[in-house]
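The structure under discussion appears below in the form of structure tokens.
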Amino acid sequence: AVPFLNEALQQPATDYLACTAIEHIGPEAAGTVPELTKLLDEQQHPQLLIQVQLALASIGPAAKSTTPKLISLLKTSRDPMIAAAAAHALGSIGAVDADEPLRVALTKPEPILQMVAAWSLAKLHPDDNQLKQQAITKLQAGLNSDDPVMKTAAAEGIAQLTPKKADIREQ
């Protein structure tokens, strides 16, 4: 599917759908990172930028080459959803050099950005109980939001930070 998806990413009529497919495929779509990177550089449409970042997040560590571009979006975007998507991607790909911009994002007034930045820091530092507790607190607050996007993101974030029963038994 990767060659087909790379072609689809090059076409404005299909780039968004290709990003959505990549998000669902995950790490096996790592071969699309170069084309996704081009979209990060070229694209101004907010929804597409967010979807590109969600695709990169789903690919995970194989998308680490996009770290500088994601950090730039986190720092400079005036759209809190684009910045939150960048924070999510940074945590998902394991961008350990994103600590400082993520910590700055925690101080921004947008609750969605604070919540996702806290989640990302906890993902990047799984042994730091203070960061994990900070993330859980922000995520629990997100569950109380009237915004369905915030609630969904909060629920998914908690699920990703909370050990599964099988993991607990192994410990």
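The values are calculated or read from the model by the stated rules, or taken from the named source; none is laboratory data. Remember, predicted model here, so these are calculated numbers, not experimental data. FYI the Cβ positions are ideal-geometry reconstructions off the backbone, even for glycines, and counts take in every protein chain you see. Surface accessibility is based on the protein's heavy atoms, side chains included, excluding ligands, DNA and RNA. Shrake-Rupley method; radii C 1.70, N 1.55, O 1.52, S 1.80 Å.
When you go through D127, D99 one by one, which is the residue that is open to solvent by 60 Å² or more (accessible area, probe 1.4 Å) and farther than 19 Å from A159 by Cβ? Spell out the reasoning first.
Working: D99 fails: open to solvent by 60 Å² or more (accessible area, probe 1.4 Å).
From the options D127, D99, the qualifying one is D127.
Given L73, L131, which one is aliphatic (A, V, I, L, M), more than 20 Å from D41 (Cα to Cα) and part of a helix (DSSP H, G or I)?
Details: L73 fails: more than 20 Å from D41 (Cα to Cα).
None of the other options fit; the residue is L131.
Going by what's in this entry, would P61 be described as open to solvent by less than 60 Å² (accessible area, probe 1.4 Å) and in a helix (DSSP H, G or I)? Walk me through it before giving the result.
Working: open to solvent by less than 60 Å² (accessible area, probe 1.4 Å): no; in a helix (DSSP H, G or I): yes.
So P61 fails the test.
G142: out of contact with any Leu (no Cβ under 9 Å at 6 or more places or on another chain) and open to solvent by less than 60 Å² (accessible area, probe 1.4 Å), yes or no?
Working: out of contact with any Leu (no Cβ under 9 Å at 6 or more places or on another chain): yes; open to solvent by less than 60 Å² (accessible area, probe 1.4 Å): yes.
Criteria met by G142.
Being open to solvent by 60 Å² or more (accessible area, probe 1.4 Å) and either outside any loop (DSSP other than H, G, I, E, B) or modelled with pLDDT of 95 or more (or both) is the filter here, so list the residues in region 147-171 that pass it. Can you show your working first?
Applying the first criterion (open to solvent by 60 Å² or more (accessible area, probe 1.4 Å)) to region 147-171 yields 147-149, 151-152, 156, 159-160, 162, 164-165, 167-171.
Of everything in region 147-171, those that are open to solvent by 60 Å² or more (accessible area, probe 1.4 Å) and either outside any loop (DSSP other than H, G, I, E, B) or modelled with pLDDT of 95 or more (or both) turn out to be P148, V149, K151, T152, E156, A159, Q160, K165, D167, I168, R169, E170.
What single numbered condition from (1) among the β-branched types (V, I, T); (2) free of Cβ contacts under 8 Å to residues at least 24 places away in the same chain; (3) touching a Cys at 6+ places or on another chain (Cβ under 6 Å) fails to hold for T14?
Unmet for T14, out of (1) among the β-branched types (V, I, T); (2) free of Cβ contacts under 8 Å to residues at least 24 places away in the same chain; (3) touching a Cys at 6+ places or on another chain (Cβ under 6 Å): (3).
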